[in-house]
Amino acid sequence: MMGRRAIAAMGLLWPCAAALAQTPPDFYKGRTLTVLIGVSPGGEYDLQARLVARFLGRHIPGGPAVIAQTMLGAGGLTEANYLYNIAPKDGTFIGMIQNALPVMQAAGLPGPLFDPQGFNWIGSIAPTVETLALWHTSGAASVEDARQKQVIIGAVGRGGITDTFPRLMNEFAGTKFKIVTGYPGGNDVNLAMERGEVAGRNNTWSSWKATKRKWLDDKTIRIIAYEGPKPADLKGVPSLQELAGSAEDRLTVKLVTAGTLYGRPLTLPPGVPPDRVAILRRAFMAVMNDPDFLKEAEAAGIEVDAVSGERLGEVSSELIATPPAVKARARPLIE
């Protein structure tokens, strides 16, 4: 992991003084805006970031070119830390970061070298709903079944939501999941389920519908629990907060799963001039109402319920304001 001194030194390699002095209408003309993606290609983060990138330039004064660029490492931390500490602070670099990372920082875990309140949040296509799905041959089709037998769950990195969601279920719903981490991405876990290596995984409800609709229709997977805004099309499935026993348990679940409120968030680093932050926020919301974008989103199975950058900033402040006792209880569940 890169130290703070090295990060600060690398930051000197990005001279932006002349760029910062330009007026907003002049700044983006002839420039390139880079959208960083901290996860492997093919998943929901990647699909959403690349979709937004295709339309963002047409709504920014000056019509800059917009490119999407993958930056992998440490479960998304490499990208988030780079964006916050190293990337140019002139409005030419945006990142779609893992929504669990602000929770890690708020809980005081090592790794995040950023303050969620310091980011200049741009927006998110929609909040997310996290689910736990079991493969049809797992021998378990409900929470009660998973309380009675051990089920192997595949996950990406320890501390990310694919790991913490089944850990939360073990802690607060009494399931007996054995969690195997280390898969490069969600698609790799899907392949592991097909091969019989693991019997289930966490994923968002929207991602299942966008990427594995046939699995849902054929009951190849069964959703046994969720957390986040209640989906109208996910009936008869309990939320993790409903499965938790006490008020303190529910607060802990709410903190650990606060990433659902971020959705797949786009953000700028700190220090970007406020007028450029405003330009990019307006451009993002214009994309969310662009008929061509909405048509492509619908075709890809991506549901649009836009979250503004201002709202994401409020979520970050609420996260940091979580009582210390709740943060302390949540910490071992996301380490």
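The values are calculated or read from the model by the stated rules, or taken from the named source; none is laboratory data. The structure presented is a predicted model; accordingly, all values stated were derived computationally and were not measured. Every residue, glycine as well, gets a Cβ built from its backbone with ideal geometry; the counts of neighbours run over all protein chains shown.
List the residue pairs whose Cβ atoms are under 7 Å apart, where the first residue sits in the stretch 311-335 and is farther than 14 Å from Ala100 by Cβ, the second is of a type in the set (S, T, N, Q) and not in a helix (DSSP H, G or I), and the two are 6 or more positions apart or on different chains. If the second residue must be of a type in the set (S, T, N, Q) and not in a helix (DSSP H, G or I), the pairs left are Leu312/Ser124; Ser317/Gln117; Ile320/Gln117. Of the residues that sit in the stretch 110-130 and are touching a strand residue (DSSP E or B) at 6+ places or on another chain (Cβ under 6 Å) and of a type in the set (Phe, Trp, Tyr), which one is nearest to Ala49 (Cα to Cα)? The residue in question is Trp121. Does Pro291 satisfy the condition of being out of contact with any Phe, Trp or Tyr (no Cβ under 9 Å at 6 or more places or on another chain) and at pLDDT 95 or above? So Pro291 passes the test. Screening Glu303 against (1) assigned to a loop (DSSP other than H, G, I, E, B); (2) over 30 Å from Pro61 (Cα atoms) leaves a single unmet condition, (2).
Looking for whichever is at pLDDT 95 or above and either within 18 Å of the chain's Cα centre (by Cα) or under 30 Å from Leu132 (Cβ atoms) (or both) here; the options are Leu280, Leu255, Leu268. Which one fits? Don't jump to the end; show me each part of the working.
On the way: Leu280 fails: either within 18 Å of the chain's Cα centre (by Cα) or under 30 Å from Leu132 (Cβ atoms) (or both); Leu255 fails: at pLDDT 95 or above.
Residue meeting the stated conditions: Leu268.
Being part of a loop (DSSP other than H, G, I, E, B) and of a type in the set (A, V, I, L, M) is a property that holds for Ala141. Restricted to helices (runs of 4 or more DSSP H) entirely inside the stretch 163-268, those with at least 2 residues that are crowded, with 19+ Cβ neighbours inside 10 Å and touching a Lys or Arg at 6+ places or on another chain (Cβ under 8 Å) are 186-195, 247-256.
Here Pro102 does not qualify as in the same structural domain as Phe284 (by TED's automatic domain parsing), assigned to a loop (DSSP other than H, G, I, E, B) and either touching a Pro at 6+ places or on another chain (Cβ under 6 Å) or not small (Gly, Ala, Ser) (or both).
In the stretch 102-151, what count of residues is obtained for those that are free of Cβ contacts under 8 Å to residues at least 60 places away in the same chain and surrounded by 18 or more Cβ atoms within 10 Å (Cβ to Cβ)? The total comes to 4. Residue count for the stretch 142-180 under the criterion of being β-branched (Val, Ile, Thr) and modelled with pLDDT under 95: the result is 4.
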